[in-house]
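> The structure under discussion is supplied below as C-alpha cells; questions concerning it will follow.
Taken together, the values in this text are just the output of simple stated rules run on the coordinates, not laboratory data. Since the model is a prediction, treat every value here as computed from it, not as a measurement. Cβ sites come from the backbone with ideal geometry, for glycine too, and all protein chains shown count toward neighbours.
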Amino acid sequence: MMATLVFILKTQGIAGLYQGVVPYVVGDGLSGAVKFGTFEMTCALAKKAVPHKYHKLISFVCAAVAMLACSFVLVPTEVIKTRLQAGSASSVSQAVVAILQLDGFKGLYAGYFATLVRDIPYTMLELGIYENLKGFLRQLREQGKTIAADSGDSNDELLAAAITGGVSAFITTPLDLVKTKLMMQTGSNVAYRGVWDVITQLYSQGGLSGLFVGSAARVAWLLPFTTIYLGVYEKIKRSLKAKKERNLQKASDAP
C-alpha cells in the first residue's frame, strides 16, 4: 500500500490521489440515494409482512434488493472512474467517448455482472451487519453493559459502522479484484473470459494471498469511509424524522 502511495505521489503528485473523483462523487451520490431509499422502503414493507423472528435477516435481503436497484447508476460511473484512475483517459468526457467508440453503449456496463458479484455481497454485509450490530450495541447500552453506557445512539452507530466497514472490506477484496480486472478490459484487449476465469488466474499466479492483494488498502479506505458516511446517513435520518414530527405537531396544534 505504501509503495503504491509513494509511486502515485512521485509520478502524479497529490492530484494523482484524486483521479476519478468527479464520477466517483456523482455516481456514489446518485446511486447512494437510490440504494438507501430502496433499502429503507423495502425494510419497512418487509417488517410488516414478515414474522418478527426473521427481522434480523431482513436487512441482508433488502440490502441485496437495494444494490440491484442502484447498480444501473453505479456501474457506468465505476467504469469511467476505473479508466481515469488507470490513466487510460485524462477526463470524464474523454473516457466516455473512448468507451463508446471502442465498445458502444454496452461498454459503460463493462463488468456489470462482476460488479454485482462484488457489491451485492458487500452491501448485504455492510447494511446487514451494521443494522444488527447497531441493534446489539443499543441493547447492551440500555442494559448498562457497555463501557460507556450513556454514550447514546451516535457512538453505537459509529462503532458499528467502523467494525462493519473493516470486516466487509476485507472479506470482499477478491470480488473487488475481479470487478477491476473485468472493467479494465477494452476492445480486443480481453484477458479474462469472466468472473471465474479471473479468480482462477489470480489464484494460480499468487495462491490464496493473490486473491487478497490490496486488502490492507481497501480496509484502510473503507473503514473510515463507512464510519463517516453511515454516521452522516444516521444523522440525516434523525434530522428528517425530527422535522417530520415537528410538522405533524404543528398540524395537530393548528386550529
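> Would you be so kind as to identify which of Phe225, Tyr192, Phe212 lies farthest towards the positive end of the dipole of region 182-249, taking Lys and Arg as +1 and Asp and Glu as -1 on Cβ and the Cα centre as origin?
So the residue we want is Phe225.
> Another question about this same structure. Based on the mean of other beta carbon atoms within 10 Å per residue, what is the order of 77-87, 96-106, 195-205, most packed first? Before the final figure, lay out the partial values.
Numbers: 77-87: 21.8, 96-106: 13.7, 195-205: 15.3.
With the highest mean Cβ count within 10 Å placed first, the list reads 77-87, 195-205, 96-106.
> Go through 153-166, 212-225 and give me the packing order, highest mean Cβ count within 10 Å leading.
For the peptides 153-166, 212-225, the packing ranking is 153-166, 212-225.
> Still on this structure: Among all the lysines, which ones have a C-alpha under 21 Å from Lys179's C-alpha, if same-chain residues fewer than 8 places away are not counted?
Lys35, Lys81, Lys106
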